[in-house]
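Some notes on the structure that comes next.
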Amino acid sequence: MSPRLLALWLKEIIALSRDRHGLLALFIMPTIFILVMTMALRDAFTPGTTIDAPYVVVDLDQSAHSQSLIRRLGKTASFQRVGISDDADATRHGIASGRQALALVLPKGFGERLLTPSGADGQPTEPMQLLVDPTLNPALQLAFRNQVMAALGALRADELTQRAGKLFGLPTIPGAKAEKDWPDEIVSIAVRNDANVRPPSSVQQNVPAWLIFAMFFVVIPVSSIFITERQQGTLQRLRSMGVPFRLILAGKLVPFCVVNQLQALLMVMVGMFVVPLFGSEALEMPATLPQLANWCAVSAAVSLAAVAWALLIASIARTSEQATVVGGVGNILMGAIGGIMVPKFVMPAGMQTLAGLSPMAWALDGFHMVMLRHGSFADLLPSLGKLLVFAILALTAAVWLNQRALATRS
C-alpha cells in the first residue's frame, strides 16, 4: 500500500478528531430520528392496535339491531368508542370542539330496514351518517367507514341465518345467541424468500431509512474539511509535492466510509437495544452469515455513494456555508422523494416514478431486500449497481471539477 495514501488517511483521521461537533451530529441526529419516528409510527405497523381517534355512536333507532351493531363495532373496530348518544346536535358540537373525531349516526328505522333497504313501502332507507372532524386524516376516515361496513355485513349475515333457520325449520343449538362472533378468516403474512412470517414492525422500516439519511449527511464534515484545506492552501501544497488529486480523493474516501460504517453499527445497536426500552419491538437483523454479508454489501455501497456525493458537493461549493446549504437541501430532497420521510406506497403514481431517481431510494430498496424480503445477493444487484454507478459518476465529476479549477488558476 502506498505510504502517501496511509499518510493521507492519517491526516483525515486527525482532521476528523478535531471536528467533534460534526461527528456528534452525525451520530446523535439519526439516533433521535430513529427513536422518535419508531415511536410515532409504531401503531401504524401493528395490525389490530387501537387508533387514537375516538368516536361516538348516535343511536336514533334504539332497536335490538342497532344495539347489536354497536356491540359488534365495539368488538372489531380499532378505533376507541367514547360513548353512545341519542342527541345528534350535541355530538356535532363535540366534534367541532375536538372532543371526538368521528360519530356514527344510526337513523330511525335502521332495524326495520336492515334487510330491505328500500323498505316495505318502497321508500329508500335513510342512510347512516358519518360525522367527521375535517382535520382527521382521510385514510382514517376510510378505515373507520370500512369497519362499520364490515360490522353491518356481519349483522345482516346473522339476521339472514336466523330467518332462514326459522323459515326452513333448521335445528338450532339451545342457548345459542343470534349474534355470532365470526372468526378472523384473514391472517396477514409477510412473504420472504426463506419463510413466511408476520409483518415487520416500525423499527424494521425506520432504522434503515434514517440510517441512509444519516450516511448522506456526511457531506457536512467532508465539505467542511475539504474547503478548509483548499482555503488554507493544503491541497496546493499536496499537489506541489506531486500527489495526484485522485489519490487525495482516495485519502478522504476510506476514512469517511469507516465513519459511515460506525454510524451503521450504532444505529443497529440503537434499534436492537434502545428502541425496546421505549415499548417498541427490537430490530431484527438477518440471522444467517450470507444475509449478514449481503447487509454489509448494501451498507458499503451506500457509504461509497454518500461520500462520493459529499466530495462532489465539496468540489462545487466555494465556502462551507454554500456546501452546508447545497448538501443539506440536496439530502432533504433526495430523502423526501426517495421514501425516507414519506413511504413510497403512500405516494401518487407520478411521485413513485420520481422516487426511482433518488440514490436514497436505491439504498432503501437494497436494505429492504435484505432485511424484509431476505433476498439473495443476485436480488441486490440492481440496487448495488445503481449506487456504484452513482458513486463513480460523482467521483469522476469531482476530479474533473478540481482539475478544471486548477487549470484555470494556472
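Observations on the structure shown:
- Under 5 Å between amide hydrogens, built in the peptide plane, is the criterion, and for ALA53 it picks out GLN80 among residues at least 5 positions away or on other chains.
- Among the trypsin sites (Lys or Arg not before Pro) in region 336-410, those located in a DSSP loop and surrounded by at most 16 other Cβ atoms within 10 Å of their own Cβ are ARG373.
- Full extension of the chain between GLN236 and ILE14 gives 78.0 nm of extra length, using 0.36 nm per residue less the Cα-Cα distance.
- Förster radius 25 Å - calculated FRET efficiency between GLN352 and GLN129, Cβ distance, rounded to 0.05: 0.10
- For the pair ALA157 and MET341 in one chain, pulling the backbone fully straight at 0.36 nm per residue adds 62.0 nm over the alpha carbon distance.
- Label reach from LEU136 (point 7 Å along Cα→C-beta): in region 60-90, amide nitrogens under 13 Å belong to 78-83.
- Given R0 = 22 Å, the distance between the Cβ atoms of ALA397 and VAL254 translates into a calculated FRET efficiency of 0.65.
- Each label point was placed 7 Å from the Cα along the Cα-to-Cβ direction; for ARG92 and ALA164 their separation is 4.1 nm.
- Nitroxide proxy distance, nm - points 7 Å out along Cα→Cβ at ILE84 and LEU388: 6.6 nm
- Paramagnetic label reach from THR228 (point 7 Å along Cα→Cβ; backbone nitrogen cut-off under 12 Å): within region 309-336, residues 320.
FYI, it's all coordinate maths here, none of it is from the lab. This structure is a prediction, so every number in the text was calculated from the model and none was measured. Note: ideal-geometry Cβ built from the backbone for every residue, glycine included; neighbour counts use all protein chains shown.
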